[in-house]
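Right, one structure below, let's go through it.
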DNA sequence: ACATATCTTCAACGAACGTTGAAAGATCTG
DNA sequence: CAGATCTTTCAACGTTCGTTGAAGATATGT
């Protein structure tokens, strides 16, 4: 309870985030959201102007924080390696670590947010427009850093590599519980430490394999 | 026009497949589907018993074909390598190639199907139950083959590796068009040959990197 | 050709949807 | 404290939703 009291806007964003993550945009009604938030139905339209603007506000809220943190870390690893380009491992670390840190140390809302992001990223309806609006500028800088770290790789290989990288990431964030079932409980989707130990090595090795293909 | 005439069931499955892929389960109404299929609204309940059974039938139809083809190829690469275990590259090839071949040589319906699969796989609502029902038995055989191809890897590494692998695959199948935007048209999401040339090397290298971590 | 089973049409049901406007309340400003 | 502005409540709007049952058409088997 750090904050004095949540505003109506925040209550709506929190409830919407959780429910959109669970059932998607069309599977969640404004009445379900406002009931969970404990506010009146009409307040969605007053504060956000409609259902879709609320959805976009949910994506934008933590997206901005994530972009900030990612760029901060990218600058740090570049500074540490200068004048040489940052290594592939360091760049993918700067891309993944903010997410993993938020999941491990910050409020539960990030879990819902990333789960929602996973679904949005894989959806033809939202994937291009919504992900692009929030993340393209940042992502392009990471792709550029990846190219510099892999000078022998063709640009197409890096673009495709980024596609694989973000696919591997988002499925891991989706919290489908599938991994738990497949491994008969040996692995747990929610085990952030286990994910952290493996995602970076997998992706870095994959990118190098692609570059030296 | 190979078939004499599509039955009502097939018309419904085809239309539902395309529309579910575009807007998801909740974003698609039965009226939209039946209008696209050119059949009466009530026929969904007559032939399938409701909206959800129709959705499951869509996933099941091509899923069964995909499982068959995957297992056929897995058996082939195992036979070719016997008595040694099949290589990691050969196993991931047996997993990916049926999809890539269907996309390149078979009817357009596979595009919609895989796009839908990408969304389902990343959704908390469907990811565990629906994917598991159709694919778990087959997937477990591939994971076992991967373990045999990487005897130095811990089982947890292979489970997580499979998770990354299928994440990279499904995002590539989602047809969000995001890759096209990010690369300013240099790469095209729909370019199956470009995907085929890169997905296998990326994933095999990633798995090896994970095993030797 | 007739009886039977299968398939299709049509009209309608109650429920839930996103959105709206007017009135009531709360908070801020001078 | 009074007036203006921001916020919340309430009731209702027109639409669309999934599902249903009875009637009609078509196909099947003898």
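FYI, it's all coordinate maths here, none of it is from the lab. These figures come from a predicted structure and were not determined experimentally. When we count neighbours, we look across all protein chains shown, and the Cβ atoms used for this are built from the backbone with ideal geometry, even at glycine.
Could you look through segment B:46-102, keep only residues that are more than 18 Å from residue B:201 (Cα to Cα) and within 14 Å of chain A (Cβ to nearest Cβ), and pick out the one that is nearest to DNA strand C (Cβ to nearest atom)?
B:51
Taking the options B:144, B:175, name whichever one is in a helix (DSSP H, G or I) and within 30 Å of residue B:58 (Cα to Cα).
Residue meeting the stated conditions: B:144.
What do you reckon, is residue A:161 buried (at least 24 other Cβ atoms within 10 Å of the Cβ) and either in contact (Cβ under 8 Å) with a residue 40 or more places away in the chain or out of contact with any helix residue (DSSP H, G or I) (no Cβ under 8 Å at 6 or more places or on another chain) (or both)?
yes
Do we have residue B:207 as surrounded by 24 or more Cβ atoms within 10 Å (Cβ to Cβ), over 14 Å from the mean Cα position of the chain (by Cα), more than 7 Å from every other protein chain (Cβ to nearest Cβ) and within 23 Å of residue A:154 (Cα to Cα) here?
Answer is yes for this residue.
Say we look at segment B:1-29 and pick out the residues that are under 23 Å from residue B:129 (Cβ atoms) and more than 14 Å from every other protein chain (Cβ to nearest Cβ); which of these is nearest to DNA strand D (Cβ to nearest atom)?
Across segment B:1-29, the extreme among qualifying residues is B:16.
Being under 24 Å from residue B:76 (Cβ atoms) and in contact (Cβ under 8 Å) with a residue 12 or more places away in the chain: is that true of residue B:177 here?
The answer is no for residue B:177.
Working only within segment B:31-48, note down all residues that are near DNA strand D (Cβ under 7 Å from one of its atoms) and farther than 16 Å from residue B:18 by Cβ.
Residues satisfying the conditions are B:41, B:42, B:45.
Which of (1) surrounded by fewer than 15 Cβ atoms within 10 Å (Cβ to Cβ); (2) part of a helix (DSSP H, G or I) is the odd one out, the single condition residue A:107 does not satisfy?
(2)
Working carefully through the options B:137, B:168, B:86, find the one that is surrounded by 22 or more Cβ atoms within 10 Å (Cβ to Cβ) and in contact (Cβ under 8 Å) with a residue 60 or more places away in the chain.
After applying the criteria, what remains is B:86.
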